[in-house]
Amino acid sequence: MPTDTILVAGIEPESITDGPGVRFVVFTQGCTHDCPGCHNPETHALSGRGTPMTVDELYARIAADPLVSGVTFSGGEPLLHAGPLSKLAKKCRADGKNVIVYTGYLYEQILEAANPDWNALLAETDILVDGPYVEAQRSLAIHFRGSRNQRVFFLTECGKSFEKRF
Ligand code: SF4
């Protein structure tokens, strides 16, 4: 896959359920966490599914919609596409949009991995929601998360401004 291409499982162009405000959501293709009870099993295959889209293609769609105030990367596992997603996030943040990343990894695992692409995406992330989906901890009472074990990290001042919404 070229370095500016993301394998996309789906897009939600104006979501109000994947973070505060109206958000452009990119669901990436590919996930190895295999959480029992996952709601998006069709996103697990690492190849043979999904649509390759370039950073510029996705950015053009995001920039064209004045209603969109933020972007969310979900999955699948977005960290499998961290390099190009970091470039997309950087362009969107330059336009004043905030960035939320959902990952099945723990924040500590991401930091310990010292993976340059993961670090590049973290550097462009305002809010990180971490951890696998755990069906026994499923809750409809928490905002923007599927299960109570998932933690929310507000990584920037912009991210912190949304603290009360989670
Ligand atoms: S990390 Fe997300 S997409 Fe992957 S198996 Fe778990 S719930 Fe499903």
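The values are calculated or read from the model by the stated rules, or taken from the named source; none is laboratory data. Bear in mind that the values here come from a model prediction, so they are computed numbers and not experimental data. Reconstructed Cβ throughout: ideal geometry from the backbone, glycine too, with neighbour counts over all protein chains shown. Ligands, DNA and RNA are stripped out before the accessible areas are found, and what is left, the full protein with its side chains, is counted by its heavy atoms. Shrake-Rupley method; radii C 1.70, N 1.55, O 1.52, S 1.80 Å.
Odds and ends about this structure:
- An oblate overall shape is assigned to the range 99-165, the ratio a/c of its alpha-carbon gyration tensor axes (a ≥ b ≥ c) being 1.5 or greater and a/b not exceeding b/c.
- Shape category assigned to the range 1-95 from the gyration tensor of Cα positions, a/c cut at 1.5: oblate
- Using a simple spin-label model with pseudo-atoms 7 Å out from Cα toward Cβ, Ala45 and Leu106 lie 3.3 nm apart.
- Which of Leu80, Val25, Leu58, positive extreme of dipole for the chain (C-beta unit charges): Val25
- On a per residue basis, the chain carries 49 Å² of accessible surface, using protein heavy atoms and a 1.4 Å probe.
- Label separation (Phe166 vs Thr17): 2.0 nm, computed from points 7 Å beyond Cα along the C-beta direction.
- Spacing of the modelled spin labels on Asn149 and Thr54, each 7 Å from Cα toward Cβ, amounts to 4.1 nm.
- DSSP loop trypsin sites (Lys or Arg not before Pro) with at most 15 other Cβ within 10 Å excluded, longest remaining stretch of the chain: 50-147
- Gyration tensor (alpha-carbon) shape descriptor, the chain, a/c threshold 1.5: rounded
- Here the range 1-88 has 56 percent of its accessible surface on carbon and sulfur atoms, given a 1.4 Å probe and all protein chains in place.
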